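As structure tokens, the structure follows; a few thoughts come after it.
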Ligand code: PHE
């Protein structure tokens, strides 16, 4: 949800031509790997960090605030009696592909399942790309009201608001017809939707203040209807979460009786909220181990981040002929592999098609910046040399 929800927008892109499924991970680890394993060591090490549990970390303060909201008795004006929300925040990110995609009704050929979008450990396991993976197991275990927080992983573009690891919070509430005081499921779903909207509007107001809000129709395979909440904050409309009434198929898989029970679910990207609230302009800062970052914050307090001196960027361009099934995400992954967190943005600055051969050429500009010091030209040149090699060998691109 940090990036515009992949399950909504990428669905539209699902018809893109299929990509070359390169299974290589550029790993330096020589141990025999599962042939499906496409998780680089850099991502594996991130799975250990648990920054959202770190005292004083902006994500931890934000989570505490949202948990506080769900811990109160009445969170919507409908006054539906119910249990207090339970909080789950310790599920490991390695999950079953079946629970993550199939059980939620995400089609077999959906783009989010591709190895260019999701990190797989094996054919059947992956790093969760969303916390929705926990909805069904938690409902099955008898939970009717809960929130669930965790780190999620997606291969994505390289820019200031995208990082291959980020954090989501999932929320779910289910009830039966008797609790809602209605006689049929259709009516119950309407009340569930009203309750959902009220709860989330109250939450957004608590966190962002008295902001203007609007609801936008959306699409998620696991909710029906599906909607997104946008708030007007700092002079712009910002999409803050996706949600909806839980799909009958999901309810059934969760062991619910769909003639008597309904529910709602939402998912929100915590970095997106925290970046606005704490004025953090670059998503990589959340992972910074520089004491100048973490010492600015105090647990429980939302304060504005004061950027410490930013070192200059250094950019390099790279142009190549793209093969027919070229996938940008694979290129971005190579950039991250070569330069770690130092690549701040990667953008395509030029595209052209050769009039005679019909081949397409693309030129990418990579902006490098170190958070803690100036980069030398030699260092950046070395990245480029390595990048050129890998783009040619791994992506079969002819360099220009
Ligand atoms: N899992 C969705 C995403 O990551 C968000 C979502 C959660 C939408 C729950 C609806 C219900 O984009």
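The values are calculated or read from the model by the stated rules, or taken from the named source; none is laboratory data. Treat the numbers as computed from the prediction; the structure is a model and nothing was measured. Glycine gets a Cβ as well: all are built from the backbone with ideal geometry, and neighbour counts include every protein chain shown.
What to note about this one:
- Pair list, Cβ < 7 Å and 6+ apart or interchain, from segment 175-202 residues that are more than 17 Å from residue 225 (Cα to Cα) to residues that are part of a helix (DSSP H, G or I): 177/188; 180/188; 180/191; 182/188; 182/191; 183/177
- Filtering segment 267-282 to residues that are more than 16 Å from the ligand (Cβ to nearest atom) and touching a helix residue (DSSP H, G or I) at 6+ places or on another chain (Cβ under 6 Å) leaves 274, 278.
- Those strands (runs of 3 or more DSSP E) lying entirely in segment 269-373 with at least 3 residues under 23 Å from residue 43 (Cα atoms) and touching a strand residue (DSSP E or B) at 6+ places or on another chain (Cβ under 9 Å): 343-353, 360-368
- Selection count where residues are part of a helix (DSSP H, G or I) and touching a helix residue (DSSP H, G or I) at 6+ places or on another chain (Cβ under 7 Å), scope segment 174-184: 2
- On the stretch given as segment 107-127, residues that are over 18 Å from residue 333 (Cβ atoms) and within 16 Å of the ligand (Cβ to nearest atom) total 2.
- The set of residues from segment 254-266 being more than 12 Å from the ligand (Cβ to nearest atom) and either crowded, with 20+ Cβ neighbours inside 10 Å or closer than 17 Å to residue 200 by Cβ (or both) comprises 254, 256, 261, 262.
Residue by residue, here is whether (1) at pLDDT 95 or above; (2) buried (at least 19 other Cβ atoms within 10 Å of the Cβ) holds:
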| site | (1), (2) |
| --- | --- |
| 146 | yes, yes |
| 155 | no, yes |
| 163 | no, yes |
| 167 | yes, yes |
| 188 | yes, yes |
| 194 | yes, no |
| 198 | yes, no |
| 210 | yes, no |
| 222 | yes, yes |
